[in-house]
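Participant: Attaching a single structure in structure tokens format; questions to follow.
Bear in mind that the values in this text are calculations on the coordinates, not laboratory data. Computed from a prediction, not measured in an experiment: that's the story for all the values here. Backbone-built Cβ (ideal geometry, glycine too); neighbour counts: all protein chains shown.
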Amino acid sequence: MTEPPGPPQPGPPPGSPPGGRWPDIRATYDAVAADYAAAFAAELAGKPADRELLDEFAAALGAGAAVWDVGCGAAGHVTRYLADRGLRAVGVDLSPASVAEASRRQPGLRFGAADMRALPAADGALAGIVALYSVIHLPREQIPLALAEFRRVLAPGGGLLIAMHGGSGEIESADWFGRPVTVRASLVSLTELVSMTEQAGFGITRALARPPYPAEHQTERLYVWGQAGG
Ligand SMILES: C[S@@+](CC[C@H](N)C(=O)[O-])C[C@H]1O[C@@H](n2cnc3c(N)ncnc32)[C@H](O)[C@@H]1O
């Protein structure tokens with residue numbers, strides 16, 4: 001098992017490319033951590049397709065497998081779901097306030113602050129990575145950086161499960177949970193996501209799209225399950 005994630009990396013806010021046009025995603029999630037957790041903590045109960053996929057992914061990795069839930073969010077509910085299926089699940093997130101909220105809500109599980117583009121894990125240290133709706137917050141041209149980092153920390157044969165919103169371009173809001181914060185997400189097609197995942201050194205175990213559930217933001221939902229090449 002690799003070391004638990006450490007403190008937030010120093011430096012400029014990740015997600016801010018030269019020129020600084022991309023919003024400070026860390027600050028956004030720090031501001032809404034409690035709201036986000038309250039809104040999404042129970043969401044898996046209404047998402048049977050996601051539960052089924054997570055169940056299959058967990059079963060394929062096997063009990064005791066070391067998995068990081070990257071961009072776990074303030075609820076830590078996916079980390080808990082994975083742990084409840086026998087995985088040694090750790091949650092990591094860019095937002096320290098989200099990490100604190102997830103730690104409070106999920107006693108007995110480990111959470112730490114980290115940027116998905118520079119994970120505090122040794123090469124090949126993990127059996128699995130789950131990244132549900134977190135890669136979305138990178139500028140599109142940075143998504144391959146995150147995928148390459150996932151490949152680096154996964155052992156050959158390790159599993160990667162990513163979820164993103166389908167579409168093209170970006171979606172953005174300057175108001176979230178009634179707070180004056182900017183949240184932005186990159187949209188991709190399933191073909192693009194598969195292609196980027198393959199280019200990062202993964203074979204594709206599963207690639208699927210589903211329409212949104214009524215309670216979800218009304219975007220197509222994309223899921224790619226990759227296997228790290230040897
Ligand atoms: C939409 S939430 C998803 C949370 C959780 N995975 C879920 O499915 O409910 C996106 C999360 O990704 C995190 N995030 C965004 N950019 C990140 C980065 N570069 N590294 C790690 N986490 C990041 C955010 O702080 C936020 O908690």
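Participant: Which one, Ser134, Ser95, Ser168, has the greatest fluctuation when you compute a Gaussian network model over the chain with C-alpha springs under 10 angstrom?
Facilitator: Ser168
Participant: For every helix of n ≥ 4 consecutive DSSP H residues, a contribution of -39,500 (n - 2.57) applies; sum these over the chain, divide by its total residues, and give [θ] at 222 nm rounded to the nearest 500 deg cm²/dmol.
Facilitator: Rounded to the nearest 500, the figure is -9000 deg cm²/dmol.
Participant: Looking at the chain, send over the antiparallel percent of its DSSP beta bridges, to the nearest 5.
Facilitator: 50 percent
Participant: Continuing with the same structure: Long-range amide H contacts for Leu138: which residues qualify at under 5 Å (H placed 1.01 Å from N, peptide plane, sequence gap of 5 or more or a different chain)?
Facilitator: Ser186
Participant: Could I ask something else about it? Using 7 Å Cα-to-Cβ label points, what is the Arg21/Ala42 separation (nm, one decimal)?
Facilitator: 4.2 nm
Participant: On to the next question. Hey, what did the chain get for relative contact order, percent, Cα under 8 Å, at least 6 apart?
Facilitator: Across the chain, relative contact order equals 19 percent.
Participant: Quick one: net charge of Ala118's neighbours, Cβ under 11 Å, K/R +1, D/E -1?
Facilitator: Cβ neighbours under 11 Å give a net charge of 0.
Participant: Next question. Answer rounded, prolate or oblate for the stretch 129-230, using the Cα gyration tensor with square roots of eigenvalues a ≥ b ≥ c: rounded when a/c is under 1.5, else prolate when a/b is larger than b/c, else oblate.
Facilitator: It comes out prolate by the Cα gyration axes.
Participant: Of Asp24, Asp93, Asp69, which is the most mobile in a GNM of the chain whose springs link Cα atoms less than 10 angstrom apart?
Facilitator: In the Gaussian network model the winner is Asp24.
Participant: To make sure I understand, if each residue's beta carbon is the centre and we count other beta carbons within 10 Å, what order do Tyr213, Tyr29, Tyr81 fall in, fewest to most?
Facilitator: Tyr213, Tyr81, Tyr29
Participant: Can you give the extra length, in nm with one decimal, that the chain gains between Ala63 and Glu172 once fully stretched, where that is 0.36 nm per residue apart less the Cα-Cα distance?
Facilitator: Length difference between fully extended and current span is 35.4 nm.
Participant: Let me ask you something else. Cα centroid distance between the stretch 186-230 and the stretch 86-153, in Å?
Facilitator: Here the two parts' Cα centres lie 17 Å apart.
Participant: Please report, to two decimal places, log10 I(q)/I(0) for the chain at q = 0.11 Å⁻¹ as given by the Debye formula with identical point scatterers on the Cα atoms and no solvent.
Facilitator: For the chain at q = 0.11 Å⁻¹, log10 I(q)/I(0) is -0.49.
Participant: Enumerate the amide H contacts of Gly158 below 5 Å, restricted to partners 5 or more residues apart or on another chain; note that Pro and chain-start residues carry no placed amide H.
Facilitator: The answer is Ala228.
Participant: Going by a ≥ b ≥ c, the root eigenvalues of the Cα gyration tensor, does the stretch 67-184 fall in the rounded group (a/c under 1.5), the prolate group (a/b larger than b/c) or the oblate group?
Facilitator: oblate
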